[in-house]
Amino acid sequence: YQAKRDRSGVEVYEITRDGNTPDRLGLLGDLRRALDAGEVELHYQPKVRFDGQVAGLEALVRWEHPDRGRVNPDEFIAMAETSGLMPQLTEYVLDTALAQIARWREAGIDVPVAVNVSPRDVHSPGFAGAVAARLAHHRVPPGCLQLEITEHVLLEDPQRAAETLNALTGHGVKMSLDDFGTGYSSLVHLRRLPVSELKIDRSFVARLVVDPEDAEIVRCTVDLAHSLGLMVVAEGVEDDETWERLRDLRCDAVQGWLVAAAMPPDEATTWLRARGEGGWQRPARPARTAA
Ligand code: C2E
Ligand code: MG
Ligand code: MG
Ligand code: MG
C-alpha cells in the first residue's frame, strides 16, 4: 500500500490510493472491528483566544491500525460516510468525548469539547434526541458540548437539517460551522443555521500572510461573523506571523500546531493543567538567523 508521513514522522496510510479494491473493503471491515476493539481513539486539540484563554478543545478521531499504522481520518471518515458506518462511529466518538468531559469535570477541569458530526448524522432521524440522551447518561451539561458541522449538512434536505440543529440548540448544545468558505452559497447557509461559532478553513489561513486575496477573504469572514454575533476561530495556525495577522483582523481564537497539535487525553490533561491559570503563552520568537 501507499504511505506518506505526517508531521510527526508517523506513517499515514492512504486509502484512496487503493481505489475500490478488496483492500478497501478489508479496511472497512477492519474499521467495524476497530470500533469494537477500542483501536479508535480521540485526541484533543485546543482552541485558544488571543489573551491565551482556552476556549475549548476539539476531539479528533485517531485510528491506529495494527498492520497499516495510522489511517488518515479524512479518508476513513469519507469511507464511513459512504458505507453506512457513520452512525456507529459518531456514537462511539460522542460517548468517548462525553466520558472524557465528565472525567475532566470531576478533576476540576471545566472545558467545552467539540465533536465533529457528519451530514449523515444530522439527517438521521432521532439524532438530536440521541445526543440529549447521551448527555444525560454521562451527566454532562449540554453547554459543555459543541458539535462541528459543515455547510454540507444543508445539501440534502435543508429543512430537515435546520430542524435537527434547532432541536440540538434547544437542548443547549452549541453548534460550530467548520471549514467555512469551502462550501457554496455560504451567506444563505449562515443565516439559516443556528450556529454560534464559525471556523475559517485552513486553506484560507495557511497563506494569509503571503496572499492578499486570502487576507481579504479572512477579513470579510471575520467581519461578517461578528455582525451576525458569531465567534470566529481560525484553523491551521502554524506560525507567529499568521497568529499576529489574525489578531489584527480581530479573529477571536485560533487552533493549530503553533498552539498544539491534537493530544491524547492524558497529554491534554497535562496541557490544560499547565495552561489553566495563565492561559497559553506564545513562546518567545526565536531570533532570526541570516540565511
Ligand atoms: P477538521 O474538523 O476541519 O479538523 C481539522 C484538521 O486539521 C485535523 O485533521 C487537524 O489535526 C488538522 N490540523 C490542526 N491544526 C493544524 C495545523 O496547524 N496545520 C495543519 N496542516 N493541520 C492542522 P485530522 O485530525 O486529520 O481530521 C481531518 C478531518 O476529519 C477533520 O477536519 C474532520 O472533518 C474529520 N474528523 C476528524 N475526527 C472526526 C470525528 O470524530 N467525526 C467526524 N465525523 N469527522 C471527524
Ligand atoms: Mg472540526
Ligand atoms: Mg475544519
Ligand atoms: Mg477540515
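Number of residues in region 234-261 that are touching a residue at least 40 places away in the same chain (Cβ under 8 Å) and among the basic types (Lys, Arg): the value is 1.
Taking the criterion of being open to solvent by 30 Å² or more (accessible area, probe 1.4 Å), assigned to a strand (DSSP E or B) and closer than 21 Å to Pro73 by Cβ, would at least one residue in region 111-129 satisfy it? Yes: region 111-129 contains one or more residues that are open to solvent by 30 Å² or more (accessible area, probe 1.4 Å), assigned to a strand (DSSP E or B) and closer than 21 Å to Pro73 by Cβ.
Residues are listed down the side, and each one gets a yes or a no for (1) open to solvent by 20 Å² or more (accessible area, probe 1.4 Å); (2) in contact with a Lys or Arg (Cβ under 9 Å, 6 or more places away or on another chain); (3) at positive phi; (4) at pLDDT 95 or above:
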{"residue": "Phe180", "(1), (2), (3), (4)": "no, yes, no, no"}
{"residue": "Ser185", "(1), (2), (3), (4)": "yes, no, yes, no"}
{"residue": "Arg191", "(1), (2), (3), (4)": "yes, no, no, no"}
{"residue": "Pro194", "(1), (2), (3), (4)": "yes, no, no, no"}
{"residue": "Lys199", "(1), (2), (3), (4)": "no, yes, no, yes"}
{"residue": "Arg202", "(1), (2), (3), (4)": "yes, no, no, yes"}
{"residue": "Asp211", "(1), (2), (3), (4)": "yes, no, no, yes"}
{"residue": "Val222", "(1), (2), (3), (4)": "no, yes, no, yes"}
{"residue": "Leu228", "(1), (2), (3), (4)": "yes, yes, no, no"}
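Filtering region 147-177 to residues that are open to solvent by less than 40 Å² (accessible area, probe 1.4 Å), closer than 14 Å to Val122 by Cα and outside any helix (DSSP H, G or I) leaves Leu147, Glu148, Ile149, Thr150, Glu151, Val173, Met175, Ser176, Leu177.
Taking the conditions (1) away from ligand 4 (no atom under 16 Å from the Cβ); (2) over 19 Å from Lys47 (Cα atoms); (3) at pLDDT below 95 in turn, Phe127 satisfies each one other than (3).
When region 58-108 is filtered for residues that are more than 12 Å from ligand 1 (Cβ to nearest atom), modelled with pLDDT of 95 or more and open to solvent by less than 30 Å² (accessible area, probe 1.4 Å), the ones remaining, listed by number, are Leu98, Ala99, Gln100, Ile101, Ala102, Trp104.
The values are calculated or read from the model by the stated rules, or taken from the named source; none is laboratory data. Keep in mind that what you see is a predicted model, and the values were worked out from it rather than measured. Neighbour counts run over all protein chains shown; Cβ positions are idealised from the backbone, glycine included. To get the accessible areas, we keep the full protein, side chains included, count just its heavy atoms, and leave off ligands, DNA and RNA. Shrake-Rupley method; radii C 1.70, N 1.55, O 1.52, S 1.80 Å.
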